[in-house]
Amino acid sequence: MIIKNARIYTPEHTFKTGDLTIRDGRIAFGAPPLEGEEVLDANGAYALPGLVDIHFHGAVGHDFCDADEAGLQAIADFEASKGVLAICPATMTFSEEILNGIMDVAATHKNGQGADLVGINMEGPYISPKKIGAQNPKYVQGADAAMFRRLQARSGGLIKLVDVAPEEPGNLDFIRDCHNEVCISIAHTCTDYDTAKAAFAAGASHMTHLYNAMPGITHRAPGPIIAALEDGADVELITDNVHIHPAVVRFTFNTFGDDHVILIADSMMACGLPDGAYSLGGQAVTVRGPRATLTEHPDTIAGSATCLYDCMRRAVCEMGVPLESAVRAATENPARSIGVDADYGSLAAGRYGNVVLADDDLNILAVVQKGKVIHDNR
């Protein structure tokens, strides 16, 4: 396939007008045209890399933690229709027994259609009981290296992220023991600055949904956010216009740099569906517009109802984030953070030919997966 006349997002994080060639499912710059080759005229549209979501829970009435193959496939199909072509869905805080079933389904899933399942984000149970958010406090426990390794074996090596509250007893030891096996993220935490610095020194390198479920920044107690900045951690942002004020989104890009910000959806099963009653991690959730909250605790946000593509679009169109920065934060950065950037997150030569064509307002015109048009809205 040749995509002609596109404004291509380059590996240098700029846009360049030209043609994009995809051969055998991968980007092949400079390859000569073949007789009868499919040509897609982009007519000046943006050509963006397929998005990579490393932190979300579900969509279209399904939750990754349902441990249901049909549900996982429905999620993958929906995400692909929204330009998200690589997914690393998140578990909730559950027992090992429940997590086993989730790992089993993920391990046997085949990436035949829809977004590719490229990993699992283990968001719990190694979190603080004082910062549970929408997690289930019943299953919170200390970090357990043996348990993690059993789950990792069960998943077939799919676990790419593990969330940890470093202030809890034994959790720093877990970070030291396991950071060479998996990316470790500070999350759902009451940690202070010094303990966060110790966690990064021990091998943590990531922050889960920055600002949410953690101490903020004050001038005498700088907290984990400043520690993350000083240690060059990657930081997740939910830009659904509910979780974080637009000014703070701009501040984060300007302060951490667009090479360290990762846009995530943190979406739950209501994503793609109307307002109503849903669930997350076994707890009732009420969704009104973009806002999802625990039904019994309406002041507690319970994930989002916005897909990653729309979060990226809002960051640009409603929050003033430069397009080049927002695209990098939704594609290359998440792919790199979980180690799948050799295949995903970029339109560099050799990567999968995953392309989202979008108009000037970032409306999706077409989605190309490995050189095949899978959604065409033109």
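The values are calculated or read from the model by the stated rules, or taken from the named source; none is laboratory data. Just so we're clear, the structure is a prediction, and the values are computed from it rather than from any experiment. Counting neighbours? That spans all protein chains shown, and the Cβs are built from the backbone with ideal geometry, glycine included. Protein only, heavy atoms only, side chains kept; ligands, DNA and RNA dropped before computing areas. Shrake-Rupley method; radii C 1.70, N 1.55, O 1.52, S 1.80 Å.
Criterion first (under 30 Å from F29 (Cα atoms), among the polar types (S, T, N, Q) and in contact (Cβ under 8 Å) with a residue 24 or more places away in the chain) does T306 satisfy it? Criteria not met by T306.
Considered as a group, the residues in the range 100-116 that are of a type in the set (A, V, I, L, M) and surrounded by 22 or more Cβ atoms within 10 Å (Cβ to Cβ) include one that is farthest from D343 (Cα to Cα), and that residue is I102. When the range 219-243 is filtered for residues that are open to solvent by 10 Å² or more (accessible area, probe 1.4 Å) and either under 20 Å from N121 (Cα atoms) or among the hydrophobic types (A, V, I, L, M, F, W, C) (or both), the ones remaining, listed by number, are A221, I226, L229, D234, V242, H243. Taking the listed residues E97, E79, E168, the one that is outside any helix (DSSP H, G or I) and either crowded, with 22+ Cβ neighbours inside 10 Å or charged (D, E, K, R) (or both) is E168, with no other qualifying. Quick test of your reading of the structure: A292 fulfils all but one of (1) open to solvent by less than 10 Å² (accessible area, probe 1.4 Å); (2) among the hydrophobic types (A, V, I, L, M, F, W, C); (3) touching a residue at least 60 places away in the same chain (Cβ under 8 Å). Name the failing condition by number. It is condition (3) that A292 fails. Filtering the range 62-84 to residues that are without any contact (Cβ under 8 Å) to a residue 24 or more places away in the chain and farther than 19 Å from M122 by Cα leaves A70, A74. Under the condition of being open to solvent by 20 Å² or more (accessible area, probe 1.4 Å) and touching a residue at least 60 places away in the same chain (Cβ under 8 Å), the residues counted in the range 244-266 number 5. Filtering the range 152-172 to residues that are closer than 17 Å to I127 by Cα and over 18 Å from the mean Cα position of the chain (by Cα) leaves A165, P166, E167, E168, P169, G170, N171, L172.
Could you say which residue among V321, V316, V287 is more than 26 Å from F29 (Cα to Cα) and without any contact (Cβ under 8 Å) to a residue 40 or more places away in the chain? First the steps, then the outcome.
Working: V321 fails: without any contact (Cβ under 8 Å) to a residue 40 or more places away in the chain; V316 fails: without any contact (Cβ under 8 Å) to a residue 40 or more places away in the chain.
Just a single option satisfies the conditions, and that option is V287.
Selection of first residues in the range 130-149 that are more than 30 Å from A292 (Cα to Cα) and of second residues that are acidic (D, E) and open to solvent by 20 Å² or more (accessible area, probe 1.4 Å), restricted to Cβ pairs under 6 Å at least 6 apart or on distinct chains, gives the following pairs, ordered by first then second residue: A145/D177; M147/E96. If you go through the range 41-49 one residue at a time, do you hit one that is modelled with pLDDT of 95 or more and over 23 Å from E332 (Cα atoms)? The answer is yes, given that some residue of the range 41-49 is modelled with pLDDT of 95 or more and over 23 Å from E332 (Cα atoms). I want to confirm something. Restricting to the range 114-150 and keeping residues that are of a type in the set (A, V, I, L, M, F, W, C) and assigned to a strand (DSSP E or B), which single residue is farthest from K82 (Cα to Cα)? Here the answer is M122.
Could you tell me whether K138 is closer than 24 Å to V340 by Cβ and surrounded by fewer than 22 Cβ atoms within 10 Å (Cβ to Cβ)? Let's see the steps before the verdict.
Values: closer than 24 Å to V340 by Cβ: no; surrounded by fewer than 22 Cβ atoms within 10 Å (Cβ to Cβ): yes.
In short, no.
Once the range 90-115 is narrowed to residues that are in contact with a helix residue (DSSP H, G or I) (Cβ under 7 Å, 6 or more places away or on another chain) and among the acidic types (D, E), the residue that is nearest to V367 (Cα to Cα) is D104.
Would the range 52-59 turn up any residue that is within 13 Å of V368 (Cα to Cα) and under 17 Å from the mean Cα position of the chain (by Cα)? Even if it seems obvious, please write down each step before you answer.
Looking only at the range 52-59, we keep the residues that are within 13 Å of V368 (Cα to Cα), and these are none.
Scanning the range 52-59 turns up no residue that is within 13 Å of V368 (Cα to Cα) and under 17 Å from the mean Cα position of the chain (by Cα).
Does any residue of the range 210-218 turn out to be in contact with a Leu (Cβ under 8 Å, 6 or more places away or on another chain), surrounded by fewer than 23 Cβ atoms within 10 Å (Cβ to Cβ) and polar (S, T, N, Q)? Within the range 210-218, none of the residues are in contact with a Leu (Cβ under 8 Å, 6 or more places away or on another chain), surrounded by fewer than 23 Cβ atoms within 10 Å (Cβ to Cβ) and polar (S, T, N, Q).
Among the residues of the range 367-377, are any at pLDDT below 95 and open to solvent by 50 Å² or more (accessible area, probe 1.4 Å)? Scanning the range 367-377, I find at least one residue that is at pLDDT below 95 and open to solvent by 50 Å² or more (accessible area, probe 1.4 Å), so the answer is yes.
Taken over the range 267-286, residues that are closer than 18 Å to A90 by Cβ and buried (at least 16 other Cβ atoms within 10 Å of the Cβ) amount to 12. Any idea which residue in the range 232-282 is modelled with the highest pLDDT, counting only those that are of a type in the set (S, T, N, Q) and touching a Lys or Arg at 6+ places or on another chain (Cβ under 9 Å)? That would be T239.
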